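Heads up, the thing below is written out as structure tokens.
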Amino acid sequence: MTTFANYLDTVLFAVFPYVAMVLFLVGTIHRYRSESFTYSSLSSQLLENKQHFWAVVPFHYGIITVLTGHIVAFLIPRQFLLFNSKPLRLYILEVSALIFGITTLVSLLAIIARRFTDPRVRVVTTKADWFLYGMLLLQVFCGVYVAIFYRWGSAWFAASASPYLWSLLKLRPEIAVIAAMPFAVKLHIVNAWLVIAFFPFTRLVHILVVPNQYLFRKRQVVRWYRRPQMARS
Amino acid sequence: MDVRSQISMVFHLDKCIGCHTCSIACKNIWTDRKGTEYMWWNNVETKPGTGYPTRWEDQEKYSGGWELKGGRLELRSTSKSKIVFNIFHNPHMPSMDDYYEPWTYDYGNLFNAPEGCDQPTAKPISLVNGKYLDIDAGPNWDDDLGGSRVYAANDPNLEGMNEEQRAQLAAVERLVMFYFPRICNHCLNPACVAACPSGAMYKRGEDGIVLVDQKRCRAWRACVAACPYKKVFYNWQTGKSEKCILCFPRLETGQAPACFHSCVGRIRYLGILLYDAERIEEIAKSSDENLIDAHRSIILDPYDPQVIEGARANGIHDSVIEAAQKSPVYLWVKLWKLALPPHIEFRTLPMLFYVPPMSPVMAQKDGDIISHTSDDLFHDIDQARLPMQYLARLFGAGHDGKVRYALRKQKAVRAYRRWLTVGDISEATVDRMLREADTTRDEVEAIYRLTSLCTFEDRFVIPPMYREEAIEMLQDPMEAKQSAGFGFMEGPSRGL
Ligand code: SF4
Ligand code: SF4
């Protein structure tokens, strides 16, 4: 029995992540190169303009904040732990993370409800979308659950999950800490790899094409056919 | 001087009969695909009226176009900082209900309905979700409803007009309206391009046509909000924005755009204008009163040796310069000053110009007798049924000088021709009118010819052009009809 559990942990936490990462890289690049037309945020604002605001805006603010937290803790765990060494700062961080997490959860539910109930928006909701919403809902729900029931995640994430992720990147996966985690945390991690694996096959690809170049470019865009050296002006 | 060439257009509103042939020609070629049913790249509005999408001219509502803010030119709807927050939800984006939900009819029911006491009907079905639909609005719902209290009375251009002027528009016996066909203006200072976060929208350097790169559009929808003419549309099926492409595949093969080609009233003219690209920003910043003059001044004289030299230096081919010299648009806009840009106060510098319409011949109602005398036939334009103020809002940024000038000259053309052909106006009167209209017999004769006797070759002077992509060499573009359209060979299937 234990061997089977060990085996499963290895597959889920040491093998599957690589599968997910390869799928992610190969999938997004291939899709960009062969079907760049399909890279789109696929907005449905034209079809329904009111609920759209209340669902989509808080969701994006929520998820971006929470994800940024994860990424920062992953990149600079030491500083993160140092920051958390004062209890007050830890409380503030935890509470705001929780608030953003719950915002994400509620607005994700609103997004799904909108997709269900508005007849026009429903038409543009594909199977891939439903699947994605299922994964995201599970992910955000797990996240909020973990935040509530396994307190001080912002501290132990930096101490346990971050080393795990680094060990994956260094191609020497160490899963002992993860294997000992509670089920909800494990689910959160596996589902995260699932989202990454399916990323190239969903509308999530729009994250890769956020138009940051707008902030730096000239206002008008002119393309020349005959003098490519002046491609822009 | 940075000389560039631009395919420009003139619509002669006095000739438009409101038949919508242009709209249908366009729809059949370009917007008969899923997701584009609600788009009318070419539409014809009845004015006064609310237009399509409803009240598009009301920038309080839609925040389109540019505004001058402390000497700087800013988009009303977006900016580098605003887009960071507005990218998730664009607060100025119209919804489908501002246009209309497209529909077809359940024709099958006419044949398949079981026997009954009533005639079967073909109920309307939504083209978005295939469900039965109660139609309460559509494109051109206000067609010909010039006096309507629902539509005409809500025309944004009526703001600032007094009760008397409004009454003048809507009095039943004298009710007045005209048609206003609209396509993308292929502006010199396009708000849509400046708003696009992805850099997917661009102006073609060679001819000024404004396009959306379908492969780079990511559905951020900033262009839809930014265009003050609401001429970029969002395809809800493919998740890409689309707009009038001025039929570039036709232009590139020497044919006029479909709406131009099919125009029954022959109101449309197309030709090259040379302009000085260095001055675009300066011109767009002019004060409201000066905008029209400034806009005209950016257009260069194609016979001026310096301009020709500058054009050659910029790689403009001699054949294009020659086309610019023959351009009917140059005559209307620059030489005759008859054609005016629509809503120039939006500051996108539109390159489609309109010859403002003459009001219907003024009739005097005397008790029950409707009469007009020869002198009154060409009534003073200030007493026209269409208040000058209204036209000034549309074509003069609120100032009537340029509109009055254009109408007076048109009137002189009519008087002159009437003197020649009917002879019930004295030569002295005609000469006085010509003087007052700042014109000459030769000019008036030329205007008359280009208005009434124009052939295809006179109306459309298309230079040889370079192709966007020479795809037809390899593949039949008609294969892609109803799916990709022309010029784009990756199937336009929606992303997952
Ligand atoms: S009318 Fe001007 S601003 Fe609007 S889509 Fe055309 S080029 Fe862009
Ligand atoms: S086809 Fe010509 S005359 Fe007919 S509505 Fe269009 S612009 Fe007017």
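Filtering the stretch A:179-212 to residues that are more than 14 Å from chain B (Cβ to nearest Cβ) and either touching a Lys or Arg at 6+ places or on another chain (Cβ under 7 Å) or of a type in the set (K, R) (or both) leaves only A:K186. Based on what the data block shows, is B:C184 within 16 Å of ligand 2 (Cβ to nearest atom), in a loop (DSSP other than H, G, I, E, B) and touching a helix residue (DSSP H, G or I) at 6+ places or on another chain (Cβ under 9 Å)? So B:C184 fits the description; yes. Of the set (1) within 14 Å of chain A (Cβ to nearest Cβ); (2) surrounded by fewer than 24 Cβ atoms within 10 Å (Cβ to Cβ); (3) touching a Lys or Arg at 6+ places or on another chain (Cβ under 9 Å), all apply to B:F233 but (2). The residues listed here are B:L175, B:L158, B:L188; of these, the one that is more than 14 Å from every other protein chain (Cβ to nearest Cβ) and touching a Phe, Trp or Tyr at 6+ places or on another chain (Cβ under 9 Å) is B:L158. Counting only helices (runs of 4 or more DSSP H) that fall entirely inside the stretch A:29-143 and contain at least 3 residues that are aliphatic (A, V, I, L, M), the qualifying elements are A:51-75, A:87-117. If the condition is being open to solvent by 30 Å² or more (accessible area, probe 1.4 Å) and within 16 Å of ligand 1 (Cβ to nearest atom), then the stretch B:5-23 contributes no residue at all.
For the structure I just gave you, tell me whether B:R216 is surrounded by fewer than 24 Cβ atoms within 10 Å (Cβ to Cβ) and away from ligand 1 (no atom under 14 Å from the Cβ). The answer is yes for B:R216.
Evaluate the following for A:L169: is it over 29 Å from A:P87 (Cβ atoms), open to solvent by less than 60 Å² (accessible area, probe 1.4 Å) and either out of contact with any strand residue (DSSP E or B) (no Cβ under 6 Å at 6 or more places or on another chain) or more than 14 Å from chain B (Cβ to nearest Cβ) (or both)? In short, no. Looking only at residues of the stretch B:237-254 that are part of a loop (DSSP other than H, G, I, E, B) and more than 16 Å from ligand 2 (Cβ to nearest atom), we find that the one that is nearest to the other protein chains (Cβ to nearest Cβ) is B:G239. A single entry from A:Y18, A:Y32 fulfils the requirement of being in contact with a helix residue (DSSP H, G or I) (Cβ under 8 Å, 6 or more places away or on another chain), farther than 21 Å from B:P91 by Cβ, hydroxyl-bearing (S, T, Y) and within 14 Å of chain B (Cβ to nearest Cβ): A:Y32.
Looking at A:S107, A:S40, just one residue is closer than 19 Å to A:V210 by Cα, within 11 Å of chain B (Cβ to nearest Cβ) and of a type in the set (S, T, Y), and that residue is A:S40. Please work out if B:I135 is open to solvent by 30 Å² or more (accessible area, probe 1.4 Å), of a type in the set (A, V, I, L, M, F, W, C) and assigned to a loop (DSSP other than H, G, I, E, B). Judged against the criteria, B:I135 is a match.
In this structure, is B:C227 modelled with pLDDT of 95 or more, more than 9 Å from chain A (Cβ to nearest Cβ) and open to solvent by 10 Å² or more (accessible area, probe 1.4 Å)? Criteria met by B:C227. Filtering B:G116, B:G146, B:G160 for residues that are surrounded by fewer than 18 Cβ atoms within 10 Å (Cβ to Cβ), in contact with a helix residue (DSSP H, G or I) (Cβ under 9 Å, 6 or more places away or on another chain) and in a loop (DSSP other than H, G, I, E, B) leaves a single hit, B:G160. Being at pLDDT 95 or above, of a type in the set (S, T, N, Q) and within 11 Å of ligand 2 (Cβ to nearest atom): is that true of B:S8 here? In short, no. Would you point out the residue of the stretch B:237-250, among those that are within 16 Å of ligand 1 (Cβ to nearest atom) and open to solvent by less than 20 Å² (accessible area, probe 1.4 Å), that is nearest to B:G495 (Cα to Cα)? This residue is B:K240.
The condition (being assigned to a loop (DSSP other than H, G, I, E, B) and of a type in the set (F, W, Y)) is satisfied by just one residue among B:Y229, B:Y234: B:Y229. When each of B:S262, B:S319 is tested for being open to solvent by 20 Å² or more (accessible area, probe 1.4 Å) and away from ligand 2 (no atom under 16 Å from the Cβ), the lone residue that passes is B:S319. Scoring A:T117 on the criteria (1) in contact with a Ser or Thr (Cβ under 9 Å, 6 or more places away or on another chain); (2) of a type in the set (S, T, Y); (3) open to solvent by 60 Å² or more (accessible area, probe 1.4 Å) leaves a single failure, condition (1). Just one of the listed residues (B:T121, B:T104) is in a strand (DSSP E or B) and open to solvent by 30 Å² or more (accessible area, probe 1.4 Å), and it is B:T104.
Number of residues in the stretch B:189-210 that are without any contact (Cβ under 8 Å) to a residue 60 or more places away in the chain and either within 14 Å of ligand 1 (Cβ to nearest atom) or under 19 Å from the mean Cα position of the chain (by Cα) (or both): the value is 8. Applying a threshold of 8 Å to beta carbon distances and a minimum spacing of six or more residues, or different chains, the list of pairs starting in the stretch A:216-233 at a residue that is more than 7 Å from every other protein chain (Cβ to nearest Cβ) and at pLDDT 65 or above and ending at one that is assigned to a loop (DSSP other than H, G, I, E, B) and open to solvent by 60 Å² or more (accessible area, probe 1.4 Å) reads A:K218/A:R232. Of all residues in the stretch B:257-283, those being closer than 27 Å to B:D2 by Cα and more than 16 Å from ligand 1 (Cβ to nearest atom) number 8. Taking the conditions (1) surrounded by fewer than 18 Cβ atoms within 10 Å (Cβ to Cβ); (2) more than 20 Å from the chain's Cα centre (by Cα) in turn, A:N84 satisfies each one other than (1).
Within the stretch A:1-55, the set of residues being open to solvent by 80 Å² or more (accessible area, probe 1.4 Å) and among the polar types (S, T, N, Q) comprises A:T2, A:T3, A:N6, A:Q51. Exactly one residue out of B:G49, B:G64, B:G71 is in contact (Cβ under 8 Å) with a residue 24 or more places away in the chain and either within 16 Å of ligand 1 (Cβ to nearest atom) or within 13 Å of chain A (Cβ to nearest Cβ) (or both): that is B:G64. When B:G49 is tested against (1) open to solvent by less than 10 Å² (accessible area, probe 1.4 Å); (2) within 16 Å of ligand 2 (Cβ to nearest atom); (3) touching a His at 6+ places or on another chain (Cβ under 9 Å); (4) farther than 30 Å from B:A311 by Cβ, exactly one condition is not met: (3).
The values are calculated or read from the model by the stated rules, or taken from the named source; none is laboratory data. As the structure is a computational prediction, the values presented were derived from the model and not from experiment. Here the Cβ is made from the backbone with ideal geometry for all residues, glycine too, and neighbour counts use every protein chain on show. Heads up: the accessible areas ignore ligands, DNA and RNA and are worked out on the full protein's heavy atoms, side chains in. Shrake-Rupley method; radii C 1.70, N 1.55, O 1.52, S 1.80 Å.
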